[in-house]
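Just below is one structure, and these are the notes that go with it.
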Amino acid sequence: MTDFEFKTIGWFVLRCTHFILGFILFGVIYYLGMFTSRVVREMDKDMRKAIVPNILPAYFHWLKWEALWTVLSGFALFFWKIVVLGHSFVLYSKYALFMLMGMSVTIGITFTIWFVILPLQDRILELTKHGEWTEELDSIVWRSRKFAHISSWLGILVVVFMVGANYFPYL
Ligand code: HEM
């Protein structure tokens, strides 16, 4: 394999990995928001007690590390582009502005997942142990749903920034 092939294949593999991680992240977070609001609410007590503690922890684990891997894959891609492929990076450019906005929103979402959504989900787990639907559970479920849905909608914005970074060269 020539040096050129190695660099371009690496770029392709990293790029695909990055897209896939990003799309899965927003899929999982949207699903989690929906599951813990509508589905958990509609279940009867026995079903809730039986299903929620068995399903949610696997999602928590997945979501937590998926968010981190998406951010890391983005930085790896950035490193590859600038250092390995040797592209120039102009700080005061539309590319830098779009990238910075995409990165900041993603990092914000990752913090929200780690420090807001997952702690709320832990509480949901605790409160569903016995299956009853209480007022406290109701309010936590809606709060968590709100954050999960806002985060998944912001995902669309991130894609617009990421894709937009390479477009509109005249800007
Ligand atoms: C901190 C987080 C992130 C960083 C550092 C990052 C970084 C990058 C970099 C360096 C590129 C290559 C741009 C280029 O070709 O010049 C890229 C592309 C891309 N990223 Fe991200 N990214 C992040 C989060 C995300 C997320 C959450 C998504 C959501 C789905 C995403 C979707 C994309 C897409 C679709 C492209 C392809 C753009 C194109 O082909 O024009 N990124 N990202």
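Here are some notes:
- Debye, to nearest 20: dipole size of the chain, +1 on Lys, Arg Cβ, -1 on Asp, Glu Cβ: 260
- Per-peptide average of other Cβ atoms within 10 Å, ordering 160-168, 119-127, 82-90 highest first: 119-127, 160-168, 82-90
- A simple packing score, the average count of other Cβ atoms within 10 Å per residue, orders the peptides 1-11, 34-44 as 34-44, 1-11, with the highest score first.
- In Å, descending, principal axis extents of the Cα set of the range 1-108: 60, 36, 14
- With K and R counted +1 and D and E -1, the other residues having a Cβ less than 15 Å from that of V116 yield a net charge of +4.
- Charge-dipole axis of the chain as Lys and Arg at +1 and Asp and Glu at -1 on Cβ define it, positive-most pick from T128, M162, I51: M162
- Close lysine pairs were tallied over the chain: pairs 8 or more places apart or on different chains with Cα atoms under 18 Å apart number 5.
Only the coordinates and a few stated rules stand behind these numbers; no lab work does. Predicted, not measured: the structure shown is a model, and the values here were computed from it. Note that each Cβ is placed from the backbone with ideal geometry, even for glycine, and that neighbours are counted across all protein chains shown.
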